[in-house]
Amino acid sequence: MEAYLDNSATTRCSKAAAEKMMTVLTSDFGNPSSLHMKGLEAERYIRESRKIIAKSMKVKESEITFTSGGTESNNLAIVGTAMQRKRYGKHIITTPIEHASVANPMKFLEEEGYEVTYLKVDKNGLVDLDFYRDAIREDTILVSVMHVNNEIGAVEPIEEMAKILHEKNKNAYFHVDAIQSYGKFRIFPDRIGVDLMSVSGHKIHGPKGSGFLFIRDGLLLHPEILGGGQENGMRSGTENVPAIAGLGVAVSEIYDDFDTHREHLLELKRHFVEEIAKIEGCHTNGIVDETSAPQIVSVSFDDVRAEVLLHALEDKGVFVSSGSACSSNHPATSRTLLAIGVDHKYLDATVRFSFSIYSTIEEIDYTMSVLKELLPVLRRFTRH
């Protein structure tokens with residue numbers, strides 16, 4: 001049996017999304033900037049996907065800019081804001097538990113002379129709102145915070161954070177990395193005061209290389225890719241029409257039956273948490289009830305290195321992650337685990353399990369049986 005429980009790294013592309021992409025790749029393959037019929041057909045796919053996405057968030061179609069995925073969306077939101085608004089100030093606020101696609105642009109901006117304040121988080125990864133309120137200044141131009149932490153599933157209070165920011169500094173932008181939350185939560189940026197929001201397609205059964213950035217009407221960003229002026233000048237280059245079309249299908253599938261999909265994820269998580277608690281030496285990190293993300297569980301293991309356990313599970317057909325997939329080429333101690341104060345002995349002994357709408361109870365039960373088989377053996381080797 002195979003159990004793929006690494007869905008926060010990537011998800012299986014849905015059959016309908018893949019079929020739509022194949023049609024665009026092989027039949028309706030025109031350049032959307034061309035004025036002939038083939039170009040108009042390609043442009044129609046982009047308009048349809050933009051409409052589907054805008055409807056899912058109750059925003060204007062003009063507020064959706066297609067990108068190559070979450071990393072580009074985050075970079076455009078952060079660096080684009082910093083470059084556009086530097087005459088208003090050079091102070092930015094973020095958290096110490098952000099994904100590398102936020103953390104590394106912050107480091108870049110610090111090297112360029114910007115000041116970045118890193119908020120405090122508690123043992124569950126939740127932002128200290130009092131510290132946050134005090135951190136906002138007159139020269140603050142941007143707050144960037146992830147909605148759902150990609151390692152432990154913490155859900156940040158983005159609506160309250162947006163409200164606090166706009167009350168204290170109406171000129172600052174509020175950016176949300178929603179890469180792990182879009183498709184699992186109903187998110188309405190206009191209603192909760194979000195100015196910029198990043199989404200990645202391959203986290204919701206769309207294709208890799210697809211994503212978008214919500215940009216509230218009236219906001220100005222400095223574009224990072226210059227050229228022919230596609231995507232209202234925000235992201236030049238011929239649009240990836242097959243990926244955009246596939247993304248539209250994936251969004252439609254997720255949100256057309258949203259409540260059923262979310263309840264399935266919650267059921268999987270409840271079952272996983274109940275079963276892992278029965279295995280000696282396994283400790284969940286952060287909040288694991290229904291106030292946390294429905295698709296992520298972080299588990300620390302006594303006397304077993306994460307890398308060793310990961311490969312032992314792989315040999316049994318169970319696929320998991322030891323942290324953010326985007327950091328796998330440059331292994332380092334997890335910023336999230338450090339920030340929430342996880343015991344030092346667990347920093348390299350923690351594994352992330354993550355589910356999708358295609359995951360099953362049977363996969364979880366199989367994973368538990370494999371863990372019960374492997375852990376005693378691996379611990380004997382570790383101790384000796």
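The values are calculated or read from the model by the stated rules, or taken from the named source; none is laboratory data. Source: prediction; values computed, not measured. Neighbour counts run over all protein chains shown; Cβ positions are idealised from the backbone, glycine included. Only protein heavy atoms, including side chains, enter the accessible area calculation; ligands, DNA and RNA are left aside. Shrake-Rupley method; radii C 1.70, N 1.55, O 1.52, S 1.80 Å.
Mind counting the residues in the range 127-148 that are under 21 Å from residue 293 (Cβ atoms) and touching a strand residue (DSSP E or B) at 6+ places or on another chain (Cβ under 8 Å)?
As a first pass, look at the range 127-148 and keep what is under 21 Å from residue 293 (Cβ atoms): 127-129, 132, 143-148.
Cutting the leftovers down to touching a strand residue (DSSP E or B) at 6+ places or on another chain (Cβ under 8 Å) gives us 127-128, 132, 143-148.
Total satisfying the criteria: 9.
Being surrounded by fewer than 22 Cβ atoms within 10 Å (Cβ to Cβ), assigned to a helix (DSSP H, G or I) and not polar (S, T, N, Q) is the filter here, so list the residues in the range 232-241 that pass it.
233
Per-residue answers, yes or no, for (1) modelled with pLDDT of 95 or more; (2) open to solvent by 10 Å² or more (accessible area, probe 1.4 Å); (3) assigned to a loop (DSSP other than H, G, I, E, B); (4) among the small types (Gly, Ala, Ser):
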residue	(1), (2), (3), (4)
208	yes, yes, yes, no
213	yes, no, no, no
220	no, yes, yes, no
224	no, yes, yes, no
229	no, yes, yes, yes
243	yes, no, no, yes
246	yes, no, no, yes
255	yes, yes, no, no
265	yes, no, no, no
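How about the range 177-203: which of its residues are in contact with a Leu (Cβ under 8 Å, 6 or more places away or on another chain) and closer than 22 Å to residue 252 by Cα?
184, 196, 197, 198, 199, 201
So which residues in the range 267-276 are open to solvent by 10 Å² or more (accessible area, probe 1.4 Å) and either in contact (Cβ under 8 Å) with a residue 24 or more places away in the chain or touching a Ser or Thr at 6+ places or on another chain (Cβ under 7 Å) (or both), if there are any at all?
267, 271, 273, 275
With 34, 14, 49 as the choices, which residue is over 28 Å from the mean Cα position of the chain (by Cα) and of a type outside the set (A, V, I, L, M, F, W, C)? Steps first, answer last, please.
Details: 14 fails: over 28 Å from the mean Cα position of the chain (by Cα); 49 fails: over 28 Å from the mean Cα position of the chain (by Cα).
Among 34, 14, 49, only 34 is over 28 Å from the mean Cα position of the chain (by Cα) and of a type outside the set (A, V, I, L, M, F, W, C).
Taking the range 87-113 as the region of interest, how many residues are in contact with a Leu (Cβ under 8 Å, 6 or more places away or on another chain) and either without any contact (Cβ under 8 Å) to a residue 12 or more places away in the chain or among the polar types (S, T, N, Q) (or both)?
Final tally of qualifying residues: 2.
Taking the range 198-251, which residues are of a type in the set (Ser, Thr, Tyr) and closer than 19 Å to residue 75 by Cβ?
198, 200, 210, 236, listed by residue number.
Go through the range 128-159 and give me each residue that's more than 26 Å from residue 354 (Cβ to Cβ), of a type in the set (Val, Ile, Thr) and either part of a loop (DSSP other than H, G, I, E, B) or under 12 Å from the mean Cα position of the chain (by Cα) (or both).
Within the range 128-159, just 136 meets the criteria.
May I ask you to list the residues in the range 324-344 that are closer than 17 Å to residue 302 by Cα and either at pLDDT below 90 or under 19 Å from the mean Cα position of the chain (by Cα) (or both)?
337, the sole residue that qualifies.
Looking at (1) surrounded by fewer than 14 Cβ atoms within 10 Å (Cβ to Cβ); (2) modelled with pLDDT under 95, which one does residue 279 not meet, given that it meets all the others?
Exception for residue 279: condition (2).
Looking at residue 88, is it more than 23 Å from the chain's Cα centre (by Cα) and of a type in the set (Ser, Thr, Tyr)?
Answer is yes for this residue.
For residue 365, are the conditions met, namely being under 17 Å from residue 276 (Cβ atoms), in a helix (DSSP H, G or I) and either acidic (Asp, Glu) or modelled with pLDDT of 95 or more (or both)?
yes
Which residues, taken from the range 88-100, are in contact with a helix residue (DSSP H, G or I) (Cβ under 8 Å, 6 or more places away or on another chain) and open to solvent by 10 Å² or more (accessible area, probe 1.4 Å)?
Scanning the range 88-100 gives 90, 96, 99, 100.
Just to check your reading of the model, which residue among 352, 379 is surrounded by 15 or more Cβ atoms within 10 Å (Cβ to Cβ) and at pLDDT below 95?
Exactly one of 352, 379 is surrounded by 15 or more Cβ atoms within 10 Å (Cβ to Cβ) and at pLDDT below 95, namely 379.
In the range 291-305, is there at least one residue being surrounded by fewer than 22 Cβ atoms within 10 Å (Cβ to Cβ) and free of Cβ contacts under 8 Å to residues at least 24 places away in the same chain?
no
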